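Report on the structure given below.
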Amino acid sequence: MNNDQKKNYGGAASNEELGFRVIGNNAIQSEKIIAPRYSYWRSVFRVFFRKKINYFLLALFVLMILSAIFVPIICPFKADENVMHAEYFNKSPAYMIKHFGFSFKWLLGSGNAGQSITYNIFAGARISLLLAVICAAINMTIGVILGAVWGFSKKLDMILIPIYNMIANVPMLLIITVLVYILGAGFWSLVFAMCITGWLGIAFFFRTQVMIIRDREYSLASKCLGTPVRRIVSKNILPYLTSVIVTLLATELPGYINYEAYLSFFGLGLGEKVPSLGRMISVSQTAFLTFPWEFWPPVIFASLLTIILYLVGQNLADATDPKTHM
């Protein structure tokens, strides 16, 4: 311990130790504030990856997404490839590997028409994910933009509130089911049924959020300066609601996958020729005791996909809240 340390030991710390330095009478230097530059998205990812579990969840999610995209391209699913060979119907993985050798194709056995369950799962996951992404993109875009304007416009409020009150009292699943019955099963029919009113609840939610923060000082100052409503919404309101948007998106994406699985389970989904996780569960529901390798793999895959989507979305939503960036 040197003399300076001995002098300061047990007493008050020196200015240098505390990080202070003498500026003098220079007015320009005295006004400078030395602080690290703040980057919003850098802080978001720093907070997000602070939780080690997010590395695992994100890696598993990316792996499932890439598998759902590229496996059907590299290994096309053929529902009728063994339809003329009844000896391959409803066979276990051990039986198929014994006859065809160990391969990724027969890793989970064969279905009720001799099709590969492994290929069927990834082909179905691709369709289910595509459906969820399209529906979420349409409903979130319309809902967020319209809800932001709705929170400012009294004329729009008078038109949309009665419409919302009527539609909100009807279960969403009932509306989708009736529309699918009318339009017929199919991918775009299901997209239309999920999007025709799906945006309204999102718009009402954001209308409420905008009404809470629209009268804050910075928004009132912008309004007094003559800033258009469109610019106030895009610059003052929506950036503040980033965490809310991500939170809602985290619940919307798994929700559409669940809708598709539920409707396909009752034969109202994408049609017989379109592979999907819901249809696989529907077809194999009667055989989950006798042929469990047909029923449980799509159930587990769909459950994992929705859970991971929800957890990643919730953790990302927490990270996008500026209050967590301290």
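Throughout, read-outs are computed from the coordinates displayed, never taken from laboratory work. Note that this is a predicted model, so its numbers are computed, not measured. Using ideal geometry, Cβ is built from the backbone for each residue, glycine included, and neighbour counts are taken over all protein chains shown.
Descriptive notes on the structure:
- Span per principal axis, largest first, for the Cα atoms of the chain (Å): 94, 68, 30
- In this simple spin-label approximation, residue 231 and residue 145 carry label points 7 Å from Cα along the Cα→Cβ vector, and these lie 2.0 nm apart.
- Put in order of Cβ neighbour count within 10 Å, fewest first, the listed residues 98, 155 become 155, 98.
- Spin-label model, residue 218/residue 40: points 7 Å from Cα along the beta carbon direction are separated by 0.8 nm.
- Shape class of the range 163-259 from the Cα gyration tensor (axes a ≥ b ≥ c, square roots of the eigenvalues): prolate, since a/c reaches 1.5 or more and a/b is larger than b/c.
- Take each peptide in 49-55, 116-122, 298-304, count the other Cβ atoms within 10 Å of every residue, and average; sorted highest first, the result is 116-122, 298-304, 49-55.
- Pairwise FRET efficiency - residue 133 versus residue 49, Cβ, R0 = 35 Å, nearest 0.05: 0.90
- Based on Cα contacts under 8 Å between residues 6+ apart, the range 259-326 shows a relative contact order of 19 percent.
- Kyte-Doolittle mean at least 0.5, axial Cα span of 30 Å or more - DSSP H helices of the chain: 53-74, 117-150, 242-265, 292-319
- Cα shape, the range 110-230, gyration tensor, a/c 1.5 rule: prolate
- Convex hull per residue volume in Å³, alpha carbons only, for the range 43-89: 95
- Rel. contact order, % - alpha carbon contacts under 8 angstrom, at least six apart, the range 180-325: 27
- This ranking places 89, 266 by how few other beta-carbon atoms lie within 10 Å of each, fewest first, which gives 266, 89.
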